[in-house]
Amino acid sequence: MTPLRVAGGAALIALLLLAAPVVAQASAPTSEVSVTVDRTEVVTSLGHEFAFRSTFTNRTASALGGLIAHLNVLSYDRGVYVDPEDWSSHRTRYLAAIPAGDSTTITWNVHAVNAGSFAVYVAVLSQPPGALPPTTGPAIHLAVAKRTTINSGGILPLALGIPTLLGLLLVGARVRRRG
């Protein structure tokens, strides 16, 4: 064999080895359950609540039961601690069986407890564990603006009104004594 033939054969083998993962990825089976959401972005302020819906679709020819949906929140900003339990008190939902080709929709209520840029997404897993691979829906980009207010919780009228009222009563009492 000539060195050119050996080099050409080695190059062909290397090319086939590099292409194998691409072919494997393209032919990988799709998930039995798909997860979609009703929006891609939410813009809100700190302390406000918002809701979104996720739909779980059974792509198989038989009913699927034992599915568990879970809401997740992560921060795109370094150093921002996210405690998902503060964002939603009902983050795990046990789904009723979904008939073949059918779907079910859940509404999630979320409370914006941190300012910044976040992702909110839903994953669905099966019970018993490992019966189906986990499936994650698309992330909803969440922009939470800081709330800057001088009237936090409606306290401004009290903070200004009570000292003003006391001052007026004091002035009234002094005028009464002199008169």
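The values are calculated or read from the model by the stated rules, or taken from the named source; none is laboratory data. Since this is a predicted model, take the numbers as computed values, not measurements. Positions of Cβ are generated from backbone atoms using ideal geometry, with glycine treated the same way; all protein chains shown enter the neighbour counts. The accessibility values were calculated without ligands, DNA or RNA, using every heavy atom of the protein model including side chains. Shrake-Rupley method; radii C 1.70, N 1.55, O 1.52, S 1.80 Å.
Would you point out the residue of the range 69-127, among those that are at positive phi and touching a residue at least 40 places away in the same chain (Cβ under 8 Å), that is farthest from the chain's Cα centre (by Cα)? Among residues in the range 69-127 that are at positive phi and touching a residue at least 40 places away in the same chain (Cβ under 8 Å), the one farthest from the chain's Cα centre (by Cα) is GLY101. Among the residues of the range 37-62, those that are of a type outside the set (Ser, Thr, Tyr), open to solvent by less than 70 Å² (accessible area, probe 1.4 Å) and assigned to a loop (DSSP other than H, G, I, E, B) comprise ASP38, LEU46, GLY47.
Just checking, does the range 16-34 include any residue being at pLDDT 50 or above, open to solvent by 50 Å² or more (accessible area, probe 1.4 Å) and within 12 Å of the chain's Cα centre (by Cα)? No, because not a single residue in the range 16-34 is at pLDDT 50 or above, open to solvent by 50 Å² or more (accessible area, probe 1.4 Å) and within 12 Å of the chain's Cα centre (by Cα).
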